[in-house]
Amino acid sequence: MCLVALLWLGVAAAQASTLKAYTEEFAPFNYTRNGQHLGLANQILERVAQESGIRIERFSLPWLRAVQANQQEPDSIIYTMVRTPARDKQYVWVGPYDDCDLVMMRLKPRTDIVIQNLKDAERYVLGAPRGAAGIQTLQNAGFNMKRVDTTSAEENRTVKMLFAQRFDLSVGLLIPHIFSARELGLDASQIVPAFTLAKGYGCYFAFNPAANPNLVSQFRAAYQRLQERGEIERIRQQYLANPGQNATPSVVK
């Protein structure tokens with residue numbers, strides 16, 4: 001019986017070392033190209049797997065299907081997940097690997113743009129894709145929406161319009177803006193944050209709460225070791241135009 005028990009425990013331990021990871025196409029945090037999983041979160045995930053010895057199986061799905069798959073598979077994570085108050089108790093969190101602040105961005109030569117508060121921003125013309133989180137945030141803050149250009153339906157076009165000086169400031173997340181500029185062959189180092197419209201809740205790996213606690217501990221310990229060695233930040237900096245430049249000076253209260 002002891003031998004059988006030991007064999008069973010060995011099988012259980014092997015199973016506990018396999019983690020299913022569900023994600024979506026959300027460049028540059030996580031996306032696929034030619035069958036390969038790429039992006040900031042995927043790079044970190046690969047390093048966690050190497051550091052921990054956990055076998056990770058990744059699946060890129062439409063977001064709602066990814067959420068459902070994570071809910072149905074106990075030993076699984078979903079990423080990139082923004083940690084909001086409403087979601088806080090629904091998952092076990094590891095991260096964040098980015099603040100995911102919503103910011104207003106300008107081109108580097110536009111040193112004439114100075115914003116200390118949201119009212120200051122109404123002196124300029126802003127741009128954001130239709131339906132983007134930035135639009136809703138501006139509306140909720142009582143911003144003068146006549147100063148916002150929403151003719152773009154996607155982030156790439158918004159970035160292109162910023163460089164063409166169709167408006168003064170673009171609203172969104174910094175890392176995806178920089179990625180879009182690079183994809184368009186534009187000088188991403190010209191994009192600089194001018195004002196923080198809303199502090200983010202952070203971007204995380206989110207575990208199903210029923211996941212094996214040992215698996216969660218293994219994953220978290222590996223992540224923390226990488227963080228302590230500075231590897232998480234070094235990966236993040238690859239996606240920023242100006243290493244070392246982070247959050248913006250002003251925050252909407």
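None of the figures in this text is laboratory data; all of them are computed from the coordinates on show. Nothing here was measured: the structure is a model prediction, and the numbers come from that model. Cβ: placed from backbone, ideal geometry, glycine included. Neighbour counts: every protein chain shown.
Just add up the charged neighbours of Pro109: K/R +1, D/E -1, any other residue whose Cβ is under 15 Å from the Cβ of Pro109.
Net of charged neighbours comes to 0.
Net charge within 12 Å of Asn208 by Cβ-Cβ distance, Lys/Arg positive one each and Asp/Glu negative one each, not counting Asn208 itself?
-1
Using the crude model of +1 on Lys and Arg Cβ and -1 on Asp and Glu Cβ, and no other charge, please compute the dipole size for the chain relative to its Cα centre, in debye to 20.
Once rounded to the nearest 20, the dipole reads 360 debye.
Hey, any idea what Rg/Rh is for the range 139-189, computing Rh the Kirkwood way over Cα pairs?
That ratio is 0.99, to two decimals.
Can you find, among Asn70, Tyr124, Trp93, the residue sitting farthest towards the positive end of the charge dipole of the range 33-135, where Lys and Arg contribute +1 and Asp and Glu -1 at Cβ?
So the residue furthest toward the plus end is Tyr124.
For the range 24-33, just list the computed ³J(HN,Hα) in residue order, Karplus coefficients 6.51, -1.76 and 1.60, θ = phi - 60°, integers in Hz, with x standing in for Gly and Pro.
Values, residue by residue: 9, 8, 9, 5, x, 6, 7, 7, 10, 8 Hz.
For the range 126-221, restrict the atom set to alpha-carbon positions and state the Rg and Dmax in Å.
So, for the range 126-221, Rg and Dmax equal 17.4, 53 Å respectively.
Between beta-carbons, use under 12 Å as the cut-off and find the net charge around Ala221, counting Lys and Arg +1, Asp and Glu -1.
0
Among (1) 18.4; (2) 13.9; (3) 15.4, which one is mean projected area of the Cα convex hull in nm² computed from these coordinates?
(3)
Cross-chain or 8 or more residues apart, Cα under 24 Å: how many lysine pairs in the chain fit that? Count them up, please.
12
Sorted by packing (mean other beta-carbon atoms within 10 Å per residue), highest first, where do 141-151, 104-114 land?
Highest-to-lowest ranking by the protection proxy: 104-114, 141-151.
I'd like to know which of Gln218, Asn140, Val114 lies farthest towards the positive end of the charge dipole of the range 113-234, counting +1 on Cβ of Lys and Arg and -1 on Cβ of Asp and Glu.
Comparing the listed Cα positions along the dipole, Asn140 ranks first.
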